[in-house]
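For reference, the structure discussed in these notes is given below.
Every number in this text was worked out from the coordinates using simple rules, so none of it is lab data. Quantities reported herein were computed from a predicted structural model and do not represent experimental measurements. Reconstructed Cβ throughout: ideal geometry from the backbone, glycine too, with neighbour counts over all protein chains shown.
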Amino acid sequence: MENSKELKARSQRLANRLKELYPDSYCALTYQSPLQLLIATILSAQCTDVRVNMVTPALFKRFPTSFSLAEAKTNELESLIRSTGFYKNKAKNIIACCKALVKDHQGEVPKTMEELVVLAGVGRKTANVVLGHAYGIPGLPVDTHVGRLSFRLGLSKSKDKVKIELDVHRVIKEEEWTIFGLRIIDHGRKVCASRKPKCSDCALIDLCPQKGVTKTPTKGKKKS
Ligand code: SF4
């Protein structure tokens, strides 16, 4: 059984290997300010980044500030974001979130986890995206890919997103949390898919205990 020192050493090797594999990982949402990233991330729930990037130019042209978004008419905002799905809930959250930014933060997006997670529509994942990418404050957004790969790679035994985040914090250097998350997402999309991970083609296989991965049975062998 791996002790904590060995886990830390293996995790750092994993981080280094991922860096070699995905040197150019980046946040695929288009934004020009912390506010734009916050709103784009809220819209990205259950939606692709590509779709969000198609919607946000017109949205930010019509509502360029938190002040204008706070005063937006719900039906107009809904029609602008409709194609991102769950648009009624997202519109409600965006307006409430921006009202709070205006009331409590002079219209600016705050820079702490505590202040971000009390905003409507903002959980730790969204807060970590904003902190990491808009402000350069290390954070690990735990999405479905990060959750799945953290488990398979033996970095966390938990299914709870907050626990996963804290488990990864313990074994990856703080300054690498944000980029590590992006690289894990790239690897999850390209190799370590939810249903059929391509373990035999995976460049991490010597560092991965493949926790919970069901091995495909060998075909052609009949029971006697
Ligand atoms: S070896 Fe398999 S389980 Fe481990 S990261 Fe690669 S694809 Fe995922």
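Side notes on the structure shown:
- Of every Cα-Cα pair in segment 34-134, the percent that sits beyond 17 Å: 44 percent
- Taking label points 7 Å from Cα along the Cα-to-Cβ direction, LEU21 and PHE67 give a separation of 4.8 nm.
- Principal-axis tilt of helix 49-62 within the chain, Cα atoms, nearest 10 degrees: 10 degrees
- Rg of the Cα atoms in the chain, relative to 2.2 N^0.38 Å, amounts to 1.16.
- Acute angle (nearest 10 degrees) that the helix 34-43 long axis makes with the longest principal axis of the chain, alpha-carbon atoms: 70 degrees
- Percent RCO, i.e. relative contact order, over the chain, from Cα pairs under 8 Å lying at least 6 residues apart: 20 percent
- Cross-link partners of LYS88 among lysines, defined as those whose alpha carbon lies under 25 angstrom from its own and excluding same-chain residues fewer than eight positions apart: LYS61, LYS73, LYS99, LYS103, LYS125.
- Over the chain, dividing the summed -39,500 (n - 2.57) contributions of all DSSP H runs of at least 4 residues by the number of residues returns a 222 nm mean residue ellipticity of -16000 deg cm²/dmol.
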